[in-house]
Amino acid sequence: MSLAERLAAAIRDRRAIEAPTEDLSVDDAYEVQDELVKLLGGDVVAAKLGLTSLAKQEQMNVSEPLYGWLTDAMQLDVGQPVLRDELIQPRVEPEIAFLLGEELGGRGVTAARVLAATHAVMPALEVLDSRFSGYRFTLPAVISDDASAGRFRLGDPVPLEAGTDLRLVGCMFEKNGELVATAAGAAVLEHPAAAVAWLVRKLAARGRTLPAGTAVLSGALCAAVTIEPGDLIRASFDRLGSVDLACR
Ligand code: OOG
Ligand code: MG
């Protein structure tokens with residue numbers, strides 16, 4: 001079985017596997033990721049960035065960002081709980097998401113260009129589910145595993161108003177009514193739009209663009225927390241509103 005097939009089987013059987021020991025380059029890892037996303041089927045509806053904040057890089061012991069893809073089957077609707085039994089070792093994290101109003105591509109894309117192409121921003125919660133036991137992985141391994149993509153929930157889109165500086169947007173992250181972390185947008189590569197620009201430039205190197213209408217999760221602002229049935233997670237952002245997720 002190829003690595004992509006082993007990862008797809010791990011997702012299907014809800015059983016963690018050990019991270020590959022063979023040498024895998026970052027480029028090869030993105031090829032495995034493409035194969036995995038194809039094996040999973042469904043429509044890609046969003047892109048995700050990962051390890052774009054120091055808090056996440058320190059939590060995962062990997063010091064470089066990465067990207068992955070989110071499909072329609074991974075998206076949780078308003079009020080739809082995340083089901084613990086469908087996942088291996090879920091963790092949740094708060095993110096700022098972008099909704100692109102225009103196609104974005106090219107090696108020279110800047111954060112300013114991303115902001116100009118942004119139709120709206122959204123508060124978001126991402127549910128990670130590494131297929132590697134104990135979330136023990138190297139950068140190429142987690143890339144091959146579609147950046148630990150599991151589920152995600154987007155809040156209501158908010159138009160990006162002149163005067164809203166996403167770096168200064170504060171976030172309160174709560175689990176069962178208790179504050180677990182506070183952060184601001186600048187935690188993500190100094191500006192969440194800089195993270196999206198990084199993604200667009202990386203994709204350009206592989207001849208790809210982000211079509212208009214794509215949602216992009218810019219990466220967690222703080223470390224992820226584990227979730228179990230009965231837990232209620234909330235991320236509240238200044239100006240962007242809040243997003244909730246229950247685990248059953
Ligand atoms: C890798 C994915 C990280 C983020 O927002 O930083 C990520 C992991 O932590 O398992 O999605
Ligand atoms: Mg994330």
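The values are calculated or read from the model by the stated rules, or taken from the named source; none is laboratory data. Because the structure is predicted, anything quoted here is derived from the model rather than measured. Note: ideal-geometry Cβ built from the backbone for every residue, glycine included; neighbour counts use all protein chains shown.
To keep it simple, each residue is scored yes or no on (1) away from ligand 2 (no atom under 16 Å from the Cβ); (2) touching a Leu at 6+ places or on another chain (Cβ under 6 Å); (3) under 13 Å from ALA215 (Cβ atoms); (4) among the hydrophobic types (A, V, I, L, M, F, W, C).
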| position | (1), (2), (3), (4) |
| --- | --- |
| PRO65 | no, yes, no, no |
| TRP69 | no, no, yes, yes |
| ALA73 | yes, no, no, yes |
| LEU99 | yes, no, yes, yes |
| ARG107 | yes, no, no, no |
| ARG113 | yes, no, no, no |
| THR118 | yes, yes, yes, no |
| ALA124 | no, yes, yes, yes |
| ASP129 | no, yes, no, no |
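Applying the criterion of being among the aromatic types (Phe, Trp, Tyr) and outside any strand (DSSP E or B) to the residues of the range 101-138, the residue that is nearest to MET172 (Cα to Cα) is TYR135.
The residue that is surrounded by the fewest Cβ atoms within 10 Å (Cβ to Cβ), among those in the range 77-97 that are more than 14 Å from ligand 2 (Cβ to nearest atom) and within 28 Å of GLU161 (Cα to Cα), is ASP77. Based on what the data block shows, is GLU95 among the charged types (D, E, K, R) and in contact with a helix residue (DSSP H, G or I) (Cβ under 7 Å, 6 or more places away or on another chain)? Against the criterion (among the charged types (D, E, K, R) and in contact with a helix residue (DSSP H, G or I) (Cβ under 7 Å, 6 or more places away or on another chain)), GLU95 does not qualify. Just one of (1) out of contact with any helix residue (DSSP H, G or I) (no Cβ under 9 Å at 6 or more places or on another chain); (2) touching a residue at least 12 places away in the same chain (Cβ under 8 Å) fails for THR52. It is (1).
Contact annotation: residue pairs with Cβ atoms under 6 Å, 6 or more positions apart or on different chains, pairing a residue in the range 148-164 that is farther than 29 Å from ARG136 by Cβ with a partner that is of a type in the set (D, E, K, R), are THR164/ARG239. Scanning the range 36-53 for residues that are surrounded by fewer than 17 Cβ atoms within 10 Å (Cβ to Cβ) and in contact with a Ser or Thr (Cβ under 9 Å, 6 or more places away or on another chain), we see that the one that is modelled with the lowest pLDDT is GLY42.
Here LEU104 meets the list (1) surrounded by 15 or more Cβ atoms within 10 Å (Cβ to Cβ); (2) under 16 Å from the mean Cα position of the chain (by Cα) almost entirely, failing just condition (2).
Note on the range 142-158: residues that are in contact with a Ser or Thr (Cβ under 9 Å, 6 or more places away or on another chain) and more than 10 Å from ligand 1 (Cβ to nearest atom) amount to 2.
When the range 8-31 is limited to residues that are within 15 Å of ligand 1 (Cβ to nearest atom) and not small (Gly, Ala, Ser), the one that is nearest to the chain's Cα centre (by Cα) turns out to be TYR30. One residue stands out among those in the range 210-235 that are under 20 Å from GLY50 (Cα atoms) and small (Gly, Ala, Ser): the one that is surrounded by the fewest Cβ atoms within 10 Å (Cβ to Cβ), which is ALA223.
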